[in-house]
Structures are given as structure tokens and as C-alpha cells.
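The values are calculated or read from the model by the stated rules, or taken from the named source; none is laboratory data. The structure presented is a predicted model; accordingly, all values stated were derived computationally and were not measured. Cβ sites come from the backbone with ideal geometry, for glycine too, and all protein chains shown count toward neighbours.
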């Protein structure tokens, strides 16, 4: 069920029937009930995923320090339009009616027999009983909403049907501190049973330690997948096109996942961890991080890492237990063989050092109309095999009527695939162990020299990656300002006009995107990503 469909009933059912609403008034504020662990105590253990959303305005207010005026206006407009659509039937004012009493929220995914409409259970911590009582009294007189009550194990469940939706939604107040909501009455009943002693999401052995974690940051949202295999099983079982057994087993190799979104001085930050089955874990080695220095400052996108040959070998070994994975690998091998290359030896075999793939703007040569080109840099301890592979590629190029020629660029011997319009690509050695391949003669010239200054010294790259872990297995980086400039340059006017102004405004408020991954051990990977935003003007 969509969040949009759920929020209107969620607001309406807060009428909660007079006796329960009155009970609010005589009880104090909840203690730890608004923490992730506290709210999880009213979520049934059948839930296979949960997301915690903070309503702390101090944290959300930090977003005001970012964004262009156009972007802030676009966000404000979207929020107001959403509120108007959702709350139009209830005559509800978010600031006056909801904010005073709504505490933190947890949204849980429950097992469902309907593949198209997952079963959602929402639990809201009530932070101010008096405000909740006032709001409940306001809604009790709303003629557009019909509410009836039933009793389940001593707890009143409100069934609410709005005049417009005609579909029932259900709600109950638990421990005088939580409002639980769902379109499925059974989910509410399970939540009541949880309150009265049945296992909860907080008691799951896999979930409890995750729910207790605190990063000491301005966290605005968290998500928990303590049993990833269980989630896959549940979703596959209710799907109209269930996964086959082999694929299901592959997906089950991920044991758990947890993450949070916070707001800091850079912008939005996503941090999390993934735990996998020890028998299928792939061990990643830290990347030296030196290859970034081989790229110029105008590089607008980059992916780096190290030791592709080792990863490929581990993937091949693990694919023996999966017919689908094995089929993909064999298809890749067959594709390489059609051009005379052995995928395992000629390609991955010598890629045992650091590597990076970058994208840069182009304004001359045969790729100038495209506006950008790419370059790859590989560090290897097996130069002999790498040179043999490049020689085979040159032979392939020659068979396609391309002129294969060598020229001296900045004191380095470079081999180019030339056309009447210019070089298609070129490759050469930067030192005894480092080879590059670049698209277009402009980039061949650029990559042949040690760029000064290089990408790692650029303000944009530092702004996005400076706060990411240094001991990592590689970077993902994108300079959004340069990317948008290039997109605007090559996008036809007709397509530009089709893009929503709000979308353009938000994209233009992003400085860059960066991310990296580290490994604490063979079975646990930690990821971190940053959405760097422009300061507000």
C-alpha cells in the first residue's frame, strides 16, 4: 500500500474513539518509546523490514543551510502539494494539528498475500497526549469520515472509512504511547499481541543489536533488514512471478543490511553495513588510492578500485553453485572468444593492481559532438600479458579498416586507432606498471602526461570525498555541476523543455555525489555515500 494512501487514514483514525483519546490526557510523556528500539517493541516479529523516521525538526532544519533558492522553492512546493492532496478531505493543518503530538515513526513491511500491495504497518510515537486529545476531538466531528470500533484482547481497534477512498483502514493506541496504523486489520491485531508478550521486531536476535546502534549524528532516517533472506523469501512467495530456487539461494547469501541517512556540513550522508554468508563472501583488498592522480581536474565521473583479477576468480568459483551465474559467465567468455580473447587470461588475468575509469569533457576530435570521452588506467604486475592483450586488440582494430599508428606524446610511445576524422582511441604506458586506454586524440594527449593539477586536488573532488573513509576498496565520484553543464550542452531544446523546472532546480543544487566501501572482515562490508549540496545563498 502506498504511503500516500496510508497517510489520510492515519490522520483520520487519530480520532481514536473518545475513551481511548481521553486516556491520553491522564498519562505522562513516553520515556524511550520514541527511539528505534522503543518503537520496534510494538512491531511484530513477522516484519521482515523496518524503517525509522525521525521527526526531530532540529535535524531536518539543517537542510535549510543548503540549496539554491530555486531548489528550496521547489521542495517547499512539492511538500505543500503533497500535504494538500493527502489532507484535503480531513481539513487538517500539518503545523497546527499534527506536529505538536506526532513523534518518531517506524514503518514496517509485513508478510502479504497480495504481491501488488505489500502489507504496511506504521507505528507513531505520541509525544504530547494533550495535543493528541485536542486533535482527536476535532476529527470526531468530521462528517466525511466514518469510524467504528471493535475490541481485540482488551484493546479498541478503530476501523475508518473516508468518504472518498471507501477503503477501510485500522488503528489502535498501544501503551498510551503509540498509534499503530494499517490497511490490514490482522497487522493491528499482531501488534496488540506483541504488546501483550508475543515476540517483537526488537526481540529478533538479528535486529536487536542494529536497533541499539547510535552514531551520534543528525540521523533523520534508518532502515533495518535483519533477515534479508527472509525478506526475499516472503516477497518471492507472494509474487505472481516467484524466483526460481537457484536465484533465491543466491539472494539468500546476503544475511542482513542496515543503514541510516543523516544531515551534516556537507549535505546528505548514507552509511550502512551488509553482512553476507561466510561461505560465499568475497574478500576485498584496500585500494592504494594513487590512480586518481592520473586523471585531470575536469574529470566529472570516476569509478576506482583494485585487484579485479582476484574478484573475478572468486566470482567464477562461487558461480559453480549457481546455474544462472554460470550461464552469464559462460556467455561473457563466449563473447570474448568471438574476438579472439580469453576472458580469464587476456582480460582479467593481468588486472591485479589498482584501476580507475573516468569520464571527461571533449571539445575537439571525432568525439567532440558527443561532448565527452572516457579513459581507463590499470596498474599491473604482469606487463607482458597486458601488452599481448593490447596487441590482439590492435589487430582487431586493423581488421576493421582502422589505421594503427604510433606517435610520441609527451615522451611516451602511444598506439592509436586512427580514422580520417581523428583518433578513435589510444593506449600507452605511463610507467613500467601502469597502462592507459583513452577515447579520442584529445584525451590520449591528456592522459599521456601527469596532470597538474590532478583530480585529487580539485575542490569538487575534495568536497565530496574528503569525509569518506580513506582505507577503502575504491571510489565512486560524480561532479554534478560539470555533469549538468555537459547535459545542458548536448540535450536538444525540445527535451530540455520537457523536464520539470523543479527537477532541474534540485539537480542544480547538488554539488556532487561520492561513495565508497570498506570491509571490517570477510563477511561484513560497510558503505558510505555523500550527496554534497551547494550552500544556501
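When the test is whether a residue is part of a helix (DSSP H, G or I) and free of Cβ contacts under 8 Å to residues at least 60 places away in the same chain, residue 387 passes it. With respect to the conditions (1) over 24 Å from residue 292 (Cα atoms); (2) modelled with pLDDT under 90, residue 345 lacks only one, and its number is (2). Taken together, 351, 360, 376 contain a single residue that is modelled with pLDDT under 95, within 30 Å of the chain's Cα centre (by Cα) and closer than 23 Å to residue 306 by Cβ, which is 360.
Checking 360, 366, 332 one by one, the residue that is in a strand (DSSP E or B) and either outside the structural domain of residue 487 (by TED's automatic domain parsing) or surrounded by fewer than 19 Cβ atoms within 10 Å (Cβ to Cβ) (or both) is 360 and no other. Screening residue 174 on (1) surrounded by fewer than 21 Cβ atoms within 10 Å (Cβ to Cβ); (2) at pLDDT below 85; (3) touching a helix residue (DSSP H, G or I) at 6+ places or on another chain (Cβ under 9 Å); (4) under 16 Å from residue 104 (Cβ atoms) shows it passes everything except condition (2). Of 514, 426, all but one fail to be within 30 Å of residue 271 (Cα to Cα) and either in contact with a helix residue (DSSP H, G or I) (Cβ under 7 Å, 6 or more places away or on another chain) or loosely packed, with under 12 Cβ neighbours inside 10 Å (or both); the exception is 514. In summary, helices (runs of 4 or more DSSP H) completely within the stretch 432-537 and bearing 2 or more residues that are under 30 Å from residue 403 (Cα atoms) and modelled with pLDDT of 90 or more occur at 441-448.
The residue that is surrounded by the most Cβ atoms within 10 Å (Cβ to Cβ), counting only those in the stretch 152-171 that are in a loop (DSSP other than H, G, I, E, B) and modelled with pLDDT of 85 or more, is 153.
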